[in-house]
Every structure is written in C-alpha cells, then in structure tokens.
Amino acid sequence: MKATVNWQQALTFSGKTDSGFEQTLDGNGEALSPMETVLLAVGACSSIDVVDILKKRRLSITDCVCELEATRADEPPRVFTSIHAHYRVSGDNLSDKDVARAVSLSAEKYCSVMLMLKGNVDISTSYSINS
C-alpha cells in the first residue's frame with residue numbers, strides 16, 4: 001500500500017492512495033482533519049467487520065450505524081486517549097448473542113485500525129439492535 005500527501009496551501013493537503021482515491025485533509029477546519037480521518041477509519045473498519053460477520057452467518061441485516069466518541073489528550077501531541085464505538089444494528093431476528101459476537105470479533109480480532117491503536121488508546125464498544 002502506498003500513498004502520497006501533497007501540500008496545497010496554508011495547512012491544507014491532498015492525499016492520494018495507490019488505488020486512485022483522493023482526500024483533502026486540513027489543519028484549520030476547512031476539511032477533515034487527520035485525527036478525524038483516524039476516528040472515521042475506526043468506525044468504518046469495524047463496521048465492515050460487523051456487517052460482514054453477520055452476513056456470513058446468513059442473518060438479515062438492513063442497517064449498521066457506528067456512532068463514535070473520542071477523547072484526546074489535553075497537551076500536544078493530543079493523541080486519542082479513548083474511543084467508544086456504539087453500533088446501532090438493524091435487521092430481522094437479530095439476537096443479542098449474534099451482534100455481541102460480531103462486535104467482539106471485530107474489536108478483538110479483525111479490525112486492523114482498532115488493533116493498531118490497541119495498547120495506546122482505551123477502546124470500548126457497545127451496541128443496540130433495532131428490529
């Protein structure tokens with residue numbers, strides 16, 4: 001995997017991955033900040049896992065929303081100190097056991113972004129099921 005980040009102006013940068021996708025990042029609030037992209041990556045990576053695990057179990061899932069809340073250190077380098085991910089999963093006949101297992105497997109085994117932060121960031125999860 002490769003990427004290139006190019007300075008545009010002020011604190012604005014454009015990033016392009018070797019897959020051809022581009023993203024604007026900014027340190028002044030004109031676009032997503034790098035830390036916001038990390039938080040979104042946690043939610044997207046783990047949500048992909050949750051949906052994939054439930055689908056592989058042939059469960060009917062109609063929606064998955066991951067609400068994230070992060071706390072950052074007060075002093076530079078202002079790293080994340082904690083992240084909580086709450087999954088709101090919708091579908092037919094979803095059981096607590098199935099959703100809990102999918103969330104747990106993502107956080108503990110499959111989500112590379114969460115696992116990369118493990119040991120440095122307190123990561124917690126919760127979920128709710130909407131029928």
State whether the residues of the stretch 24-31 include one that is of a type in the set (A, V, I, L, M), within 27 Å of Tyr127 (Cβ to Cβ), modelled with pLDDT of 95 or more and surrounded by 15 or more Cβ atoms within 10 Å (Cβ to Cβ). no
Checking Val50 against (1) assigned to a strand (DSSP E or B); (2) in contact with a helix residue (DSSP H, G or I) (Cβ under 7 Å, 6 or more places away or on another chain); (3) among the aliphatic types (A, V, I, L, M); (4) within 27 Å of Ser33 (Cα to Cα), which single condition isn't satisfied? (1)
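For residues in the stretch 66-109 being basic (Lys, Arg) and within 18 Å of Lys56 (Cβ to Cβ), which is surrounded by the most Cβ atoms within 10 Å (Cβ to Cβ)? Give the steps one after another, and end with the answer.
Of all residues in the stretch 66-109, those basic (Lys, Arg) come to 72, 78, 88, 97, 101, 109.
Retained after the next criterion (residues that are within 18 Å of Lys56 (Cβ to Cβ)): 97, 101, 109.
Numbers: Lys97: 8, Arg101: 15, Lys109: 11.
So, considering only residues that are basic (Lys, Arg) and within 18 Å of Lys56 (Cβ to Cβ), the one surrounded by the most Cβ atoms within 10 Å (Cβ to Cβ) is Arg101.
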Taking first residues from the stretch 14-28 that are assigned by TED's automatic domain parsing to the domain that holds Ala41 and within 15 Å of Leu40 (Cα to Cα) and second residues anywhere that are assigned to a loop (DSSP other than H, G, I, E, B) and among the aliphatic types (A, V, I, L, M), the pairs with Cβ under 9 Å that are 6 or more apart or on different chains are none
Inside the stretch 61-96, can you point out the residues that are under 30 Å from Gly27 (Cα atoms), of a type in the set (A, V, I, L, M), touching a residue at least 40 places away in the same chain (Cβ under 8 Å) and assigned to a strand (DSSP E or B)? Ile83, Ala85
Answer yes or no: is there a residue in the stretch 35-53 that is farther than 19 Å from Asn130 by Cβ, more than 18 Å from the chain's Cα centre (by Cα) and among the acidic types (Asp, Glu). no
With respect to Arg58, is the statement that it is without any contact (Cβ under 8 Å) to a residue 12 or more places away in the chain, more than 18 Å from Tyr110 (Cβ to Cβ) and not in a strand (DSSP E or B) true? yes
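The values are calculated or read from the model by the stated rules, or taken from the named source; none is laboratory data. Being a predicted model, the structure only gives us computed values, none of them experimental. Here Cβ is always computed from backbone atoms with ideal geometry, including for glycine, and neighbour counts include all displayed protein chains.
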